[in-house]
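This report refers to the structure that appears directly beneath it.
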Amino acid sequence: MQARVKDIISIMEEHFPPWLAEAWDNSGLQLGSTNKAVKKVAVALDLDESILNQALELQVAMIITHHPLFFKPLKQINYESPVGCLIQRIVKAGISVYAAHSNLDAAEKGLNQILAELLGLQDIDTLGNSQKEELYKLVVFVPVSHCEEVRQAINGAGAGFIGNYSDCSFRVRGTGTFRPGAGTQPFLGQEGELEEADEFRLETVVRKRELAQVLQAMQEAHPYEEAAFDIFRLEQAGKGYSMGRCGLLPEETKLGDYARQVKETLGLEAVRVVGDLNKVIRKVAIVSGSGASLIPGISRQGVELLVTGDLKYHEARDAEALGLSIIDAGHQGTEEIISAHLSRFLQKECQKRGMKVEFIPLYSGPCFKYL
C-alpha cells in the first residue's frame, strides 16, 4: 500500500493527539502537502541545516521533528536569512515537514514516558496538573433486530472505553413511537400512521477525540432514516495526561550515583547536579526539555529529585532552598532519544497497516561543547 503524508500524520495524531498540545505551541503540519507519497521519512529533534542536508542526501519525502519549524508567525521569508534559506530549500525539494511537540511530551506513549522508563523508574504516573480527557455519554435508540450491529459499530469506532475495559455499554428494552411524515421512507411503519417499535436504549461512553467517528459509524449501522440519539457531556473526566512523569527508583540510591547513571544512559558528556551528592533519593520526577517552571509544584508532591534540562542559576537556588535535588541533563540530552524511538514506533505502526515506509532517525550533533 502506497503511504502518503496524511497517513503518517493520522498515525501520529492517533497516538499523540493535537488536543494535548499547549496553547503556545505550534504542533502539526509545518510545510508541504499531505497528499505527497512517502517511502522514506526522517525523524529528528530539530530541523536545521545539518538535518536538512542529511534528509536531502537520503531523498526523504517527509521530515518529522519534535521542535516545530515555526514557533511564531513569520512576517517575511528572506532567502538570505538562515530560516528563509532553510524554507527555500525545503520547498524546492518538495519535502513535507510535520512537528509533534508538547502533545508528544504529554502523550501516554510519549517522550516523558519513554524517558522515565529509560531512566529506570517504576510505578510511573503523570506528574500533577494533568489535562483530563473530556468524556461524553452517547444514547441511541435502536430496533431490537439491529442493536448488536449498532453496538459493534460504535464500539469498533472507539466508544466504550472505561479504564482498561473496552466494549462497555448498557441497554434497556422499551417501546418507541413515531409517525413518518410526508416524503419519508421509514424502516418501519407507513407514512402518516403512528408506529410503535420494539427498541433498545443503547448507551455508552465516548472520548472526545473519537466522538465524530463514533457518530458516523452509528449512522452508517443504524437502519432508521432518522436515528434518534442524545449526547451528554460528562462531569467526570477521563484519563489524565501531563508534561512530566513521576516514579520510584527500584531502591534508594545516592544522588551522585544516580546522576552518573543518567549521564551514562543518555550518553552525555556531562550533567549538572543541584543538591548533596550523598543524599539518598528514591522518588523522582522527569520533565524532558525545560521543566524548571514546575519546581514549586513538584516540591509539594514529596519528590526528592527532578531530572530535566535548561536549568538557570536562580531556579537552581530556589530548588536548593526547597530541598529538591536536580539533575540537569540538558534540553537536547533529555529529548534527542525521541528520534530513534519514534522511528521504531512508526515503522511498526505502518507495518500493521500494510504500508511500506522507512523511518530514519537523524542527529545534528551536540549543541554545547565542554572543555
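Please compute the contact order of the stretch 219-306 in relative form: average sequence separation of alpha-carbon pairs under 8 Å and at least six residues apart, divided by the residue count, as a percent. About 30 percent, as a whole number. Relative contact order of the stretch 256-362: 26 percent, from C-alpha pairs under 8 Å at least 6 residues apart in sequence. Simple spin-label estimate for residue 356 and residue 191 gives 5.5 nm between the two label positions (7 Å along the Cα-to-Cβ direction from each Cα). Size of the stretch 212-265: Rg and Dmax of its alpha carbons, in Å, are 24.6, 69.
Mean separation of Cα pairs under 8 Å and 6 or more residues apart, divided by the residue count, gives the chain a relative contact order of 19 percent.
In the chain, the alpha-carbon atoms span a convex hull of 189 Å³ per residue.
To check you understand DSSP bridge types, tell me what percent of the beta bridges within the chain (both residues inside) are antiparallel, rounded to 5. Counting only bridges with both partners in the chain, antiparallel ones make up about 70 percent. Pairs with C-alpha atoms separated by more than 27 Å, drawn from the list 40/239; 72/356; 109/356; 92/356; 109/369; 312/369, are 40/239; 72/356; 109/369. Accessible area per residue for the chain, computed on protein heavy atoms with a 1.4 Å probe, is 53 Å².
Would you mind calculating the gained length between residue 24 and residue 172 on full extension (0.36 nm times residue separation, minus the Cα-Cα distance), in nm to one decimal?
Details: separation 148, 0.36 × 148 = 53.28 nm, distance 4.57 nm.
Full extension from residue 24 to residue 172 adds 48.7 nm.
For the chain, what is the calculated [θ] at 222 nm in deg cm²/dmol (nearest 500), taking -39500 (n - 2.57) for each run of four or more DSSP H residues and dividing by its residue count? Present the calculation step by step, with values, prior to reporting the outcome.
Numbers: 12 runs with 113 residues, N = 371.
Per the formula, -8500 deg cm²/dmol.
Solvent-accessible area of the chain (1.4 angstrom probe, protein heavy atoms only): carbon and sulfur portion equals 49 percent. May I ask for the distance between the Cα centers of the stretch 332-354 and the stretch 1-67, given as a whole number of Å? With the stretch 332-354 and the stretch 1-67 each reduced to a Cα centre, they are spaced 12 Å. Projected onto their three principal axes, the Cα atoms of the stretch 1-63 cover extents of 35, 31, 17 Å, largest first. Here's the picture: a label point sits 7 Å out from the Cα of residue 37 along the beta-carbon direction, and within the stretch 60-90 the residues with their amide nitrogen under 17 Å of it are 60-62.
Considering just Cα atoms, how many Å³ per residue does the convex hull of the stretch 225-371 enclose?
Numbers: hull volume 30.2 nm³, N = 147.
Each residue corresponds to 205 Å³ of Cα convex hull volume.
Residues in the stretch 174-190 carry Karplus couplings, in order, of x, 10, x, 10, 6, 10, x, x, 5, x, 7, 10, x, 5, 10, x, 10 Hz; the curve used is 6.51 cos²θ - 1.76 cosθ + 1.60 with θ = phi - 60°, and Gly or Pro positions show x. Which whole-angstrom value gives the distance between the alpha carbon centres of the stretch 107-126 and the stretch 234-289? One Cα centre to the other: 10 Å. Model label sites at residue 213 and residue 74, defined 7 Å from Cα along the beta-carbon direction, differ in position by 3.2 nm.
The values are calculated or read from the model by the stated rules, or taken from the named source; none is laboratory data. Predicted model, so just to flag it, every value in this text is computed and none were measured. Neighbour counts are summed over all protein chains in view; Cβ atoms, including those assigned to glycine, are modelled from backbone coordinates with ideal geometry. These accessible areas exclude ligands, DNA and RNA; they are computed on the full protein's heavy atoms, side chains included. Shrake-Rupley method; radii C 1.70, N 1.55, O 1.52, S 1.80 Å.
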